[in-house]
Amino acid sequence: MELNGVKETEVLIVGAGPSGLALACDLARRGVRALVVEQAAALFPGSRGKGIQPRTREVLDDLGVGAAVRTYGGAAPVGMTWRDGERQGPYDMFRRAAPTDAEPYGEPWMMPQWRTQEILLARLRELGGDVTFSTALTGLAQDPDGVTAELSTGPVRASYLVAADGGRSTVRRTLGIPMNGESVDPAPMLVADVRVEQTALDRLNWHIFTGDAGYTTLCPLPGTADFQLVAQFKDGEPDTSPQAVRELVAARTHLDPQDVTEVRWSSDFRPRAALAERFRAGRVFLTGDAAHVHSPAGGQGLNTSIQDAYNLGWKLGQVLRQGAPPALLDSYEEERRPVAADMLGLSTRIHRGEQERGAATQQLGLGYREGPLSRGRAGLLEAGDRAPDGPAGDGRRLFDVFRGPHFTLLAVGTDTGLPAYGGALLRSHRAAACEAYGKGLFLVRPDGYIGWAGDDTSGLAEYAATLGLDLKLG
């Protein structure tokens with residue numbers, strides 16, 4: 001849509017990384033017009049954020065890409081330590097748990113970041129959206145009614161703007177929002193996607209090489225012929241040229257330079273942890289690396305980013321499409337910034353060897369009990385908790401009932417009356433029993449967290465109205 005030479009949209013998303021694409025998918029399925037612009041000419045080409053945590057798998061499943069994630073990803077391989085060209089034995093870096101009724105995904109899933117982004121872009125196109133590449137943000141201005149963004153291709157007017165443009169975010173710097181943090185490790189690191197001669201190194205393990213120069217790892221990337229190379233530099237600076245990468249591998253492992261048959265992508269970085277002072281400034285929101293930068297050691301960055309988008313998407317949808325009070329959008333920063341701060345601390349401790357990759361890294365225990373949208377408790381759960389999976393009682397799973405852009409009012413083990421009408425975005429379901437819930441009524445938000453819980457419907461209609469839901473109880 002264009003008016004007087006100015007393109008108009010409801011939400012302008014700057015950046016086509018994991019958080020930007022996930023948000024665009026969520027908005028598209030809600031019928032919200034969103035324009036996604038990306039400064040680069042194509043999607044990011046590297047593996048960088050390769051770990052998909054169990055909670056993020058649940059999110060991706062709800063967004064409609066669960067089957068693709070299962071097809072193109074794979075379980076994290078067990079580590080194999082090496083010294084002087086000899087295997088020293090297995091070293092498993094991860095907590096692995098069998099799936100349960102409440103938690104259908106028990107271990108991290110490996111998939112290179114470029115593949116995650118390709119899958120999300122394909123889903124966005126299925127939903128009628130797309131990305132405008134080679135388009136940079138050059139300035140922005142806000143007023144009480146919206147945001148005017150100056151792009152390299154011309155001006156755009158939007159009701160809201162979302163910064164998903166990475167750790168060096170142009171949007172964040174334009175707004176003057178400080179990023180506070182620390183260096184996690186003074187040693188620079190190199191990361192690259194390489195192909196290795198098939199007979200030189202197996203793809204069954206995540207290979208770990210230690211030495212005086214710094215550690216080096218080669219991790220096979222499922223669904224590809226590639227390995228991700230990560231190398232620490234205790235001295236000197238990384239050289240990302242293909243020949244230097246080959247020489248690095250030869251110097252630190254038992255492989256020869258010619259065993260690295262291709263260097264597909266390479267980059268260098270210094271591990272740091274940083275958090276934006278604010279996640280919102282007026283009608284502009286920060287998501288993903290624009291809001292928080294992690295050490296890669298904990299496998300939390302991409303996952304926290306996608307879940308930022310998942311939290312923000314339904315709130316924008318309720319305000320723009322369902323008449324919810326604009327104050328609902330205040331809850332994005334109130335809920336997500338404390339989570340990001342906790343995950344930054346976790347990533348840093350893991351990087352420094354102060355904590356193992358345990359249950360906390362899976363992000364299944366994260367929630368919003370202290371958040372502004374959480375009311376009440378019932379059975380075994382409290383508002384703000386992640387809504388567990390379980391048998392729905394009609395041959396389906398509860399996650400099947402929850403899947404989609406709607407709220408779900410779930411009655412477990414109670415005959416309390418459900419709403420006779422809840423509008424297009426509320427579905428009700430009764431389950432005779434579900435071990436993870438106990439007994440009670442639970443209003444499950446579109447992002448899979450319990451917003452309200454109680455033994456009866458007292459106070460439910462009033463609470464729902466704050467979210468843009470019109471409940472007629474009967």
TODO: Would you confirm whether any residue within the range 275-288 is open to solvent by 20 Å² or more (accessible area, probe 1.4 Å) and within 30 Å of Thr199 (Cα to Cα)?
DONE: no
TODO: Go through the residues of the range 373-387 one by one and say whether even a single one is at pLDDT below 95, touching a Phe, Trp or Tyr at 6+ places or on another chain (Cβ under 7 Å) and charged (D, E, K, R).
DONE: no
- [ ] Go through Ala98, Ala75, Ala68 for me and flag whichever is open to solvent by 40 Å² or more (accessible area, probe 1.4 Å) and within 23 Å of Gln228 (Cα to Cα).
- [x] Ala75
Task: Number of positions in the range 287-326 that are under 17 Å from Val162 (Cα atoms) and not β-branched (Val, Ile, Thr) - done: 21
Task: Single condition Leu410 does not satisfy, out of (1) in a loop (DSSP other than H, G, I, E, B); (2) of a type in the set (A, V, I, L, M); (3) farther than 20 Å from Pro54 by Cα; (4) in contact (Cβ under 8 Å) with a residue 24 or more places away in the chain - done: (1)
Task: Which listed residue, of Ser428, Ser374, is polar (S, T, N, Q) and without any contact (Cβ under 8 Å) to a residue 24 or more places away in the chain - done: Ser428
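Here is a yes/no grid of residues against (1) out of contact with any Gly (no Cβ under 8 Å at 6 or more places or on another chain); (2) without any contact (Cβ under 8 Å) to a residue 60 or more places away in the chain; (3) of a type in the set (A, V, I, L, M):
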site	(1), (2), (3)
Pro54	no, no, no
Glu58	no, no, no
Phe94	yes, no, no
Ala122	yes, yes, yes
Open item on the list: Here is a list: Arg349, Arg337, Arg264. Which entry is in a helix (DSSP H, G or I), in contact (Cβ under 8 Å) with a residue 60 or more places away in the chain and open to solvent by 50 Å² or more (accessible area, probe 1.4 Å)?
Closed with: Arg337
TODO: Among the candidates Thr224, Thr216, single out the residue that is of a type in the set (Ser, Thr, Tyr), open to solvent by less than 10 Å² (accessible area, probe 1.4 Å) and in contact with a helix residue (DSSP H, G or I) (Cβ under 9 Å, 6 or more places away or on another chain).
DONE: Thr216
Open item on the list: Looking only at the range 82-95, how many residues end up being under 15 Å from Thr217 (Cα atoms) and open to solvent by less than 80 Å² (accessible area, probe 1.4 Å)?
Closed with: 5
Open item on the list: Based on this model, can you work out whether Val36 counts as under 30 Å from Pro155 (Cβ atoms) and assigned to a strand (DSSP E or B)?
Closed with: yes
TODO: Determine, yes or no, whether Pro104 is under 21 Å from the mean Cα position of the chain (by Cα), open to solvent by 10 Å² or more (accessible area, probe 1.4 Å) and touching a residue at least 24 places away in the same chain (Cβ under 8 Å).
DONE: yes
TODO: Please enumerate the residues belonging to the range 139-171 that are in contact with a helix residue (DSSP H, G or I) (Cβ under 7 Å, 6 or more places away or on another chain), part of a loop (DSSP other than H, G, I, E, B) and at negative phi.
DONE: Ala164, Asp165, Gly167, Ser169
Task: Sole exception among (1) of a type outside the set (A, V, I, L, M, F, W, C); (2) open to solvent by less than 20 Å² (accessible area, probe 1.4 Å); (3) modelled with pLDDT of 95 or more for Arg403, by number - done: (2)
Task: Sole exception among (1) touching a Pro at 6+ places or on another chain (Cβ under 9 Å); (2) among the basic types (Lys, Arg); (3) open to solvent by 30 Å² or more (accessible area, probe 1.4 Å) for Arg57, by number - done: (3)
TODO: Six or more apart or on different chains, Cβ under 7 Å: which pairs go from a residue in the range 176-201 that's modelled with pLDDT of 95 or more to one that's open to solvent by less than 20 Å² (accessible area, probe 1.4 Å) and of a type in the set (Asp, Glu)? Could you list them?
DONE: Asp193/Asp226; Val194/Asp226; Arg195/Asp226
Open item on the list: Looking at the structure I just gave you, is Trp82 farther than 27 Å from Leu312 by Cβ and not in a loop (DSSP other than H, G, I, E, B)?
Closed with: yes
TODO: Could you grab me the full set of residues in the range 430-454 that are open to solvent by 20 Å² or more (accessible area, probe 1.4 Å) and part of a strand (DSSP E or B)?
DONE: Arg430
Open item on the list: Kindly evaluate Leu255 against the criterion of being open to solvent by less than 60 Å² (accessible area, probe 1.4 Å), closer than 27 Å to Leu320 by Cβ and either assigned to a loop (DSSP other than H, G, I, E, B) or modelled with pLDDT under 95 (or both).
Closed with: no
- [ ] Return the total of residues in the range 122-159 being within 26 Å of Val319 (Cα to Cα) and open to solvent by 10 Å² or more (accessible area, probe 1.4 Å).
- [x] 23
- [ ] Please state which one of Trp114, Trp109 is at pLDDT below 95, among the aromatic types (Phe, Trp, Tyr) and within 25 Å of Gly20 (Cα to Cα).
- [x] Trp109
Task: Members of the range 129-152 found to be β-branched (Val, Ile, Thr) and in contact (Cβ under 8 Å) with a residue 60 or more places away in the chain, listed by number - done: Val131, Thr132, Thr135, Val147, Thr148
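The values are calculated or read from the model by the stated rules, or taken from the named source; none is laboratory data. These figures come from a predicted structure and were not determined experimentally. Don't worry about glycine lacking a Cβ; one is built from the backbone with ideal geometry, like all the others, and counts go over all protein chains shown. Remember, those area values only see protein heavy atoms, side chains included, never the ligands or the DNA or RNA. Shrake-Rupley method; radii C 1.70, N 1.55, O 1.52, S 1.80 Å.
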